[in-house]
Amino acid sequence: MVSKAAVGRLTIVLLAAVVSVGVGVALFVWYPATLTDLFGVVLALVVAVVGVRIAGNVAGSLFPGYNVAEVAVDGPITRDGSGGPLPQNPRSTPADDIVEQIDRADEDGSVDALLVKLNTPGGEVVPSDDIRLAAERFDGPTIAYTTDVCASGGYWIASGCDELWAREGSIVGSIGVIGSRVNATEFAEKVGLSYERFAAGEFKDAGTPLKELEEDEREYLQGLIDDYYETFVDRVSDGRDLDPEFVRETEARIYLGDEADDLELVDELGTRRDLEDELADRLDRDTVTVTAFEPERPLMAKLGAGARTVAYAFGAGVASIATDRQFRLRT
């Protein structure tokens, strides 16, 4: 069944095409007579194409062909999708881009609901929380769903949505925080490197790879992890309406979708089609039309992404241990 919006868009585009061709022929073929027929036909076609494109944009604004927006959190979650001076996994998710698209969907009068597609093992803490906050701000139903992996930072994001859907074989959970450092002291001794400290503040260089951790430094860094973990537990227990003690008892385990459903870590099990059918019922529509909200990337950015893919394939991601990050914190 063809919708009224589709008929309206088609009508506008056809009318624009007829008018544009007529104007182009009148201006460049019939008048003035000094122009060659060939040149006139070319210009007429140009005018027609421009007119149809403009009409298409106008028709899309007047008769939008979607009523649900979808944003995808795919791969590790980072602030800007980069890992510093060396290439990182090219599939990492730039949190700022996701937040921007959620806000854009919220401002779009045609969007009645938001789908947050999660396929991520987690990532950085604050970027994950920024996406969660954006999902909470959205004015309308917000449903997170995962087909493969919704772990750690992905579950943090899901706690800001109204519901979480998964498949029976989806991996869900890992409600925990991890910090890591490289201990390179033995390697440094073998190659003749030594660490000389110049710092103001007792814990300024805590976690530096070229020196052993003191016990008070270990306690300090573990305290940071514990604080972030308590924040994670609070986000999940508040957003998912779960007992905080139950969340702690998961001990950052991962669960398959059917077990996560039994534990009420997810709300529903189903396919994407099941989810869209349910959403159509809730919005009192025959069907819903979903459109992906994605950032527009210039050509150079696309080329850069391709270069990162090649670099990562040759092991540049592994080489990130050589960067100046001393203590890495992630969900």
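Here is how the numbers come out for the structure above:
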item: Proximal aspartates and glutamates relative to residue 204, as straight alpha-carbon distance under 17 Å, when same-chain residues fewer than 8 apart are discounted; result: 196, 212, 214, 215, 216, 217, 219, 324
item: For region 194-209, 3J(HN,Hα) per residue [Karplus equation, 6.51 cos²θ - 1.76 cosθ + 1.60, θ = phi - 60°, Hz, x = Gly/Pro]; result: 9, 10, 10, 8, 10, 8, 10, x, 4, 9, 4, 10, 4, x, 4, x
item: Mean Cβ neighbour count within 10 Å, used as a protection proxy, ranking 137-145, 276-284 highest first; result: 137-145, 276-284
item: Per-residue ³J(HN,Hα) for region 266-279, Karplus 6.51 cos²θ - 1.76 cosθ + 1.60, θ = phi - 60°, Hz, x for Gly and Pro; result: 10, 8, 9, 10, x, 7, 4, 5, 4, 5, 5, 5, 5, 5
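Bear in mind these aren't lab numbers, they're just calculated from the coordinates by the rules spelled out. Note that the structure is predicted; figures quoted are calculated from it, not measured. Please note: Cβ atoms are built from the backbone with ideal geometry, for glycine as well, and neighbour counts cover all protein chains shown.
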